[in-house]
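The values are calculated or read from the model by the stated rules, or taken from the named source; none is laboratory data. All values reported here derive from a predicted model rather than from experimental measurement. Virtual Cβ from ideal backbone geometry, glycine too; neighbours counted across all protein chains shown. These area figures cover heavy atoms from the full protein model, side chains too; ligands, DNA and RNA do not enter into them. Shrake-Rupley method; radii C 1.70, N 1.55, O 1.52, S 1.80 Å.
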Amino acid sequence: MSVSLPNGAVYSVASAMGAAVIITALSNAKPAVATAAAHPLADGDIVEIVSGWPSLNGRVARVIDSDAGTFALEGIDTTNLKRFPAGAGIGSVRKVQTWEPITQVLDANMSGGEQQFYTYQFLEDTDAERQQPTVRNARSATLQVADDDTKPHYAVLDQADAERTPRPIWLQLPSGARTYYRAYVSFSKVPSLTKNQAMALNVTLSLDGEPTRYSGDQA
(Lines give C-alpha, C1' and ligand atoms only; values in the text may rest on other atoms or scores of the structure.)
Protein backbone atom coordinates (compact mmCIF):
# COMPACT_ATOMS: atom_id res chain seq x y z
CA MET A 1 0.00 0.00 0.00
CA SER A 2 1.35 3.44 -0.89
CA VAL A 3 0.24 7.04 -1.29
CA SER A 4 1.76 9.44 -3.81
CA LEU A 5 1.62 13.22 -3.88
CA PRO A 6 1.48 15.13 -7.18
CA ASN A 7 3.97 17.78 -6.00
CA GLY A 8 6.57 18.21 -8.74
CA ALA A 9 4.44 16.81 -11.59
CA VAL A 10 5.04 18.49 -14.94
CA TYR A 11 2.85 18.63 -18.06
CA SER A 12 4.55 19.07 -21.44
CA VAL A 13 3.10 19.56 -24.92
CA ALA A 14 4.71 18.50 -28.20
CA SER A 15 6.17 21.58 -29.89
CA ALA A 16 7.60 19.94 -33.03
CA MET A 17 6.77 16.71 -34.85
CA GLY A 18 8.73 14.68 -37.37
CA ALA A 19 7.55 13.47 -40.74
CA ALA A 20 5.11 10.57 -40.93
CA VAL A 21 6.71 7.11 -41.06
CA ILE A 22 4.50 4.72 -43.04
CA ILE A 23 3.79 1.36 -41.38
CA THR A 24 3.24 -1.47 -43.86
CA ALA A 25 2.51 -4.16 -41.25
CA LEU A 26 1.65 -4.21 -37.56
CA SER A 27 1.72 -7.48 -35.64
CA ASN A 28 -0.74 -8.92 -33.15
CA ALA A 29 1.73 -9.15 -30.30
CA LYS A 30 2.76 -7.79 -26.90
CA PRO A 31 4.39 -5.44 -27.65
CA ALA A 32 3.13 -4.78 -31.18
CA VAL A 33 5.89 -4.80 -33.80
CA ALA A 34 5.69 -2.40 -36.75
CA THR A 35 7.28 -2.91 -40.16
CA ALA A 36 8.51 0.34 -41.76
CA ALA A 37 11.20 0.36 -44.44
CA ALA A 38 14.24 2.57 -43.73
CA HIS A 39 12.62 4.17 -40.71
CA PRO A 40 14.71 6.70 -38.71
CA LEU A 41 13.39 5.76 -35.25
CA ALA A 42 15.55 4.75 -32.31
CA ASP A 43 14.85 3.18 -28.93
CA GLY A 44 13.32 5.72 -26.56
CA ASP A 45 11.69 7.84 -29.26
CA ILE A 46 8.10 8.89 -28.49
CA VAL A 47 5.68 8.50 -31.40
CA GLU A 48 2.09 9.43 -32.17
CA ILE A 49 0.24 6.51 -33.77
CA VAL A 50 -2.27 6.62 -36.62
CA SER A 51 -3.78 3.17 -37.12
CA GLY A 52 -6.65 1.38 -38.78
CA TRP A 53 -7.39 -0.14 -35.37
CA PRO A 54 -9.68 2.33 -33.53
CA SER A 55 -8.39 1.13 -30.14
CA LEU A 56 -4.83 2.05 -31.16
CA ASN A 57 -5.48 5.13 -33.27
CA GLY A 58 -4.44 8.30 -31.47
CA ARG A 59 -2.24 6.65 -28.86
CA VAL A 60 1.26 7.80 -28.02
CA ALA A 61 3.93 5.21 -27.27
CA ARG A 62 7.66 4.68 -26.80
CA VAL A 63 9.83 2.87 -29.37
CA ILE A 64 11.81 -0.20 -28.28
CA ASP A 65 13.68 -2.98 -30.10
CA SER A 66 14.36 -0.75 -33.08
CA ASP A 67 15.99 -2.60 -35.97
CA ALA A 68 16.44 -2.19 -39.71
CA GLY A 69 12.88 -2.03 -41.05
CA THR A 70 11.09 -2.81 -37.78
CA PHE A 71 10.44 -1.41 -34.30
CA ALA A 72 8.22 -2.29 -31.35
CA LEU A 73 5.73 -0.11 -29.47
CA GLU A 74 6.38 -0.49 -25.77
CA GLY A 75 3.28 -1.15 -23.66
CA ILE A 76 1.03 -1.72 -26.67
CA ASP A 77 -0.75 -5.10 -26.53
CA THR A 78 -2.58 -6.02 -29.75
CA THR A 79 -3.06 -9.75 -29.10
CA ASN A 80 -6.87 -9.47 -28.84
CA LEU A 81 -7.99 -10.26 -32.39
CA LYS A 82 -11.51 -8.98 -31.75
CA ARG A 83 -10.21 -5.49 -30.95
CA PHE A 84 -7.27 -5.73 -33.34
CA PRO A 85 -8.23 -7.74 -36.46
CA ALA A 86 -5.16 -9.15 -38.17
CA GLY A 87 -3.88 -7.00 -41.01
CA ALA A 88 -6.13 -4.01 -40.28
CA GLY A 89 -3.82 -1.95 -38.09
CA ILE A 90 -1.49 -0.39 -40.65
CA GLY A 91 -1.06 3.38 -40.73
CA SER A 92 1.81 5.62 -39.69
CA VAL A 93 3.70 7.12 -36.76
CA ARG A 94 5.27 10.54 -36.16
CA LYS A 95 8.12 11.16 -33.75
CA VAL A 96 7.87 13.92 -31.17
CA GLN A 97 10.99 15.97 -31.86
CA THR A 98 10.70 18.50 -29.03
CA TRP A 99 8.57 19.06 -25.94
CA GLU A 100 7.64 22.32 -24.23
CA PRO A 101 6.96 22.11 -20.46
CA ILE A 102 3.86 23.93 -19.22
CA THR A 103 5.21 25.77 -16.17
CA GLN A 104 3.62 27.75 -13.34
CA VAL A 105 0.60 25.44 -13.10
CA LEU A 106 -1.52 26.53 -10.14
CA ASP A 107 -4.10 23.73 -10.31
CA ALA A 108 -4.84 20.67 -12.44
CA ASN A 109 -8.03 18.61 -12.59
CA MET A 110 -9.06 15.56 -14.62
CA SER A 111 -12.69 15.04 -15.57
CA GLY A 112 -14.68 12.51 -17.57
CA GLY A 113 -13.97 8.85 -18.14
CA GLU A 114 -17.11 7.65 -16.34
CA GLN A 115 -18.56 4.39 -17.60
CA GLN A 116 -21.91 4.76 -19.40
CA PHE A 117 -24.55 2.03 -19.50
CA TYR A 118 -27.44 0.94 -21.68
CA THR A 119 -30.37 0.44 -19.31
CA TYR A 120 -33.29 -1.79 -20.26
CA GLN A 121 -36.06 -3.96 -18.85
CA PHE A 122 -37.79 -6.99 -20.30
CA LEU A 123 -41.56 -7.05 -20.26
CA GLU A 124 -41.50 -9.99 -17.87
CA ASP A 125 -39.19 -8.22 -15.42
CA THR A 126 -41.04 -6.96 -12.36
CA ASP A 127 -38.13 -5.81 -10.20
CA ALA A 128 -34.93 -3.95 -11.07
CA GLU A 129 -33.82 -2.72 -14.48
CA ARG A 130 -30.86 -4.35 -16.24
CA GLN A 131 -27.80 -2.63 -17.63
CA GLN A 132 -24.82 -3.26 -19.88
CA PRO A 133 -21.68 -1.14 -20.19
CA THR A 134 -21.33 0.89 -23.40
CA VAL A 135 -18.63 3.59 -23.66
CA ARG A 136 -16.89 6.00 -21.31
CA ASN A 137 -17.40 9.75 -21.25
CA ALA A 138 -14.78 11.84 -23.00
CA ARG A 139 -11.88 12.81 -20.72
CA SER A 140 -10.07 16.11 -20.30
CA ALA A 141 -7.54 17.83 -18.06
CA THR A 142 -8.02 21.46 -17.09
CA LEU A 143 -4.95 23.40 -15.99
CA GLN A 144 -4.87 26.81 -14.34
CA VAL A 145 -1.62 28.47 -15.36
CA ALA A 146 -0.24 31.70 -13.94
CA ASP A 147 -0.69 34.51 -16.47
CA ASP A 148 2.72 35.23 -18.05
CA ASP A 149 2.97 35.71 -21.80
CA THR A 150 6.80 35.71 -21.66
CA LYS A 151 6.95 32.00 -20.86
CA PRO A 152 7.93 29.71 -23.78
CA HIS A 153 4.80 27.59 -23.35
CA TYR A 154 2.53 30.58 -24.06
CA ALA A 155 3.31 30.70 -27.80
CA VAL A 156 3.18 26.90 -28.14
CA LEU A 157 -0.24 26.68 -26.48
CA ASP A 158 -1.50 29.61 -28.57
CA GLN A 159 -0.40 27.86 -31.78
CA ALA A 160 -1.88 24.52 -30.69
CA ASP A 161 -5.20 26.20 -29.94
CA ALA A 162 -5.25 27.92 -33.33
CA GLU A 163 -4.38 24.74 -35.27
CA ARG A 164 -7.21 22.72 -33.68
CA THR A 165 -5.37 19.46 -34.25
CA PRO A 166 -4.46 17.06 -31.43
CA ARG A 167 -0.92 16.98 -30.06
CA PRO A 168 0.98 14.50 -27.89
CA ILE A 169 1.00 15.41 -24.20
CA TRP A 170 3.46 14.15 -21.59
CA LEU A 171 2.74 14.04 -17.85
CA GLN A 172 5.89 13.45 -15.80
CA LEU A 173 5.12 12.34 -12.23
CA PRO A 174 7.47 12.84 -9.26
CA SER A 175 8.04 9.07 -9.08
CA GLY A 176 9.46 9.12 -12.61
CA ALA A 177 6.35 7.48 -14.06
CA ARG A 178 5.29 8.94 -17.39
CA THR A 179 1.86 9.11 -19.00
CA TYR A 180 1.54 9.98 -22.68
CA TYR A 181 -1.65 10.79 -24.56
CA ARG A 182 -2.89 12.82 -27.49
CA ALA A 183 -5.18 15.78 -26.86
CA TYR A 184 -6.75 18.86 -28.40
CA VAL A 185 -5.42 22.01 -26.74
CA SER A 186 -7.81 24.85 -25.85
CA PHE A 187 -6.10 27.95 -24.50
CA SER A 188 -7.90 30.95 -23.01
CA LYS A 189 -5.68 34.02 -23.13
CA VAL A 190 -8.03 36.11 -20.96
CA PRO A 191 -6.86 35.81 -17.34
CA SER A 192 -9.08 35.32 -14.32
CA LEU A 193 -9.34 38.40 -12.12
CA THR A 194 -10.08 37.41 -8.53
CA LYS A 195 -9.00 39.79 -5.80
CA ASN A 196 -6.00 38.55 -3.77
CA GLN A 197 -5.48 35.58 -6.10
CA ALA A 198 -2.96 35.08 -8.89
CA MET A 199 -4.24 35.92 -12.35
CA ALA A 200 -4.55 32.63 -14.22
CA LEU A 201 -5.19 31.30 -17.72
CA ASN A 202 -7.14 28.13 -18.44
CA VAL A 203 -5.65 25.35 -20.56
CA THR A 204 -7.94 22.45 -21.46
CA LEU A 205 -6.45 19.21 -22.80
CA SER A 206 -9.24 17.15 -24.40
CA LEU A 207 -8.06 13.56 -24.78
CA ASP A 208 -8.22 11.93 -28.20
CA GLY A 209 -7.06 8.36 -27.69
CA GLU A 210 -6.17 6.11 -24.76
CA PRO A 211 -3.28 7.13 -22.48
CA THR A 212 -0.11 5.04 -22.25
CA ARG A 213 1.71 4.89 -18.91
CA TYR A 214 5.27 3.80 -18.17
CA SER A 215 6.57 3.23 -14.65
CA GLY A 216 9.55 5.18 -13.41
CA ASP A 217 11.97 2.24 -13.62
CA GLN A 218 11.36 2.03 -17.38
CA ALA A 219 12.53 5.57 -18.11
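Selection of first residues in segment 76-99 that are more than 30 Å from Ser12 (Cα to Cα) and at pLDDT below 95 and of second residues that are open to solvent by 60 Å² or more (accessible area, probe 1.4 Å) and part of a loop (DSSP other than H, G, I, E, B), restricted to Cβ pairs under 7 Å at least 6 apart or on distinct chains, gives an empty result.
Taking strands (runs of 3 or more DSSP E) as the structural unit, those lying wholly within segment 100-174 and holding at least 2 residues that are more than 18 Å from the chain's Cα centre (by Cα) and under 22 Å from Thr204 (Cα atoms) correspond to 105-111, 140-146. Consider Thr179 carefully, then state whether it is within 16 Å of Gly58 (Cβ to Cβ), under 19 Å from the mean Cα position of the chain (by Cα) and without any contact (Cβ under 8 Å) to a residue 24 or more places away in the chain. Criteria not met by Thr179. Within segment 100-135, if we keep just the residues that are touching a Lys or Arg at 6+ places or on another chain (Cβ under 8 Å), over 20 Å from Gly209 (Cα atoms) and of a type outside the set (Ser, Thr, Tyr), the residue that is surrounded by the most Cβ atoms within 10 Å (Cβ to Cβ) turns out to be Gln104. Counting the residues of segment 179-219 that are aromatic (Phe, Trp, Tyr) and closer than 24 Å to Ile64 by Cβ gives 3. Out of curiosity, is Val145 touching a strand residue (DSSP E or B) at 6+ places or on another chain (Cβ under 7 Å) and farther than 27 Å from Pro54 by Cα? In short, yes. When segment 182-219 is filtered for residues that are open to solvent by less than 40 Å² (accessible area, probe 1.4 Å) and charged (D, E, K, R), only Arg182 remains.
None of Val135, Val203 is in contact with a strand residue (DSSP E or B) (Cβ under 7 Å, 6 or more places away or on another chain) and at pLDDT 95 or above except Val203.
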